[in-house]
Amino acid sequence: MTTDHRPDRNADRAAGRFALVAVLLPAWSIIAALVIQLAALPSLPDPAATHWGASGGPDGFGPSWIFPLLTVLLGLGVPALIAAALLPGLRRGERGPTYRFMGAFALGLAVFLAVGLTGAVLMQAGLADAADAPAVWPALLLAAGLGALAGIAGWFLQPHQEWPLPRGTLSTLDLAPGERAVWLSTTSLSLGAAAGIGLAVVALVGTAVVVWLSGGVLVAVVVTLAAALVAGLAATTIAFHLRVDDAGLTARSALGWPVFRVPLTDIASASAVQVNPMGEFGGWGLRFAPGRFGIVLRAGEGVEILRANGKRVVVTADDATTGAALLQTLASQRA
């Protein structure tokens, strides 16, 4: 028995509310912030304060145009990436709390950036020397409070719809006594997901360059390390080679590391399932959910293994039905 998740009127409503929360409202917030910032830029000192230390006082200086640039890159860029990654799934009728959370996060982040960066501009308006700028903490606290309220509002503006976990299909292969079989497959990120990760890395690198130019060394180091970490994770998890044999399941990154193994002795059962990355795992890549670990690189068919301890492992792959059937057959024979 299968569940029909074809797009319907509820899917259109969910996608429309998500677009409002993750795209339109952030865009309006950023546009309003840009109007205020551009009007105030001529009255800022040159150079302007672009970084504040732990005490709240300015300790980094640079050109004032960095503020509107960061506002656009982060305030519009991050929500746009979130919408590009999630809207197609919502329009297909997919559900899950992750969609709702990410929409709310996009709005909260946009409001936080709009208020925080605009506050950093306005507090310097009319100053002759940026070193005289006041502490930035009041502006950041106000931005954090308004961003949190915007995120909460964004959560409740979207409908509540859960995505039920799929029911697996158990099957076996007809292997003669002593006959050996091996199943090989390769799973990789879809072109859209890979492009999204690539854009995220580019955005982080661009942000790091801007922050380096602004003189904020500590923040620049953190953003640079974050970009390197994301790039490394993407490179090692973009594709996996899968093998099922009498040793169990082996999933090896295309770069050789990391490697994940589920021994045959640890497999209670194996089934083929349909996987919704966002609804079930909150995204793509190496994912954890309550009681489940997933190598989730695309939506669609996958192998789900029930381990002896009751936990589950999910690996998306083409021809997952055959892989799951072979695992189930080998596990049954061993038992």
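The values are calculated or read from the model by the stated rules, or taken from the named source; none is laboratory data. What you see is a predicted model; the values in this text were computed from it and never measured. Every residue, glycine as well, gets a Cβ built from its backbone with ideal geometry; the counts of neighbours run over all protein chains shown. To get the accessible areas, we keep the full protein, side chains included, count just its heavy atoms, and leave off ligands, DNA and RNA. Shrake-Rupley method; radii C 1.70, N 1.55, O 1.52, S 1.80 Å.
Figures for the structure shown
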read-out: Candidate set: region 17-56, residues that are open to solvent by 80 Å² or more (accessible area, probe 1.4 Å) and either aromatic (Phe, Trp, Tyr) or modelled with pLDDT under 90 (or both); chosen: the one farthest from Gly75 (Cα to Cα); value: Ser55
read-out: Condition met for Arg298 (open to solvent by 60 Å² or more (accessible area, probe 1.4 Å), of a type in the set (Lys, Arg) and either modelled with pLDDT of 90 or more or touching a Phe, Trp or Tyr at 6+ places or on another chain (Cβ under 8 Å) (or both)); value: yes
read-out: Qualifying strands (runs of 3 or more DSSP E) (wholly inside region 275-335; at least 1 residues being out of contact with any strand residue (DSSP E or B) (no Cβ under 8 Å at 6 or more places or on another chain)); value: 285-289
read-out: In region 305-324, the residues that are under 17 Å from Val275 (Cα atoms) and either free of Cβ contacts under 8 Å to residues at least 60 places away in the same chain or surrounded by 23 or more Cβ atoms within 10 Å (Cβ to Cβ) (or both); value: Ile305, Leu306, Lys311, Arg312, Val314, Val315, Thr316, Ala317, Ala320, Gly323, Ala324
read-out: Residue satisfying all of: in region 171-184; touching a helix residue (DSSP H, G or I) at 6+ places or on another chain (Cβ under 8 Å) and either at pLDDT below 75 or among the small types (Gly, Ala, Ser) (or both); nearest to Met278 (Cα to Cα) among these; value: Ser171
read-out: Those residues of region 251-260 which are out of contact with any Leu (no Cβ under 7 Å at 6 or more places or on another chain) and part of a strand (DSSP E or B), in sequence order; value: Arg252, Ser253, Val259, Phe260
read-out: Residue within region 85-107 that is of a type in the set (A, V, I, L, M), surrounded by fewer than 21 Cβ atoms within 10 Å (Cβ to Cβ), closer than 19 Å to Trp28 by Cβ and touching a residue at least 40 places away in the same chain (Cβ under 8 Å) present; value: yes
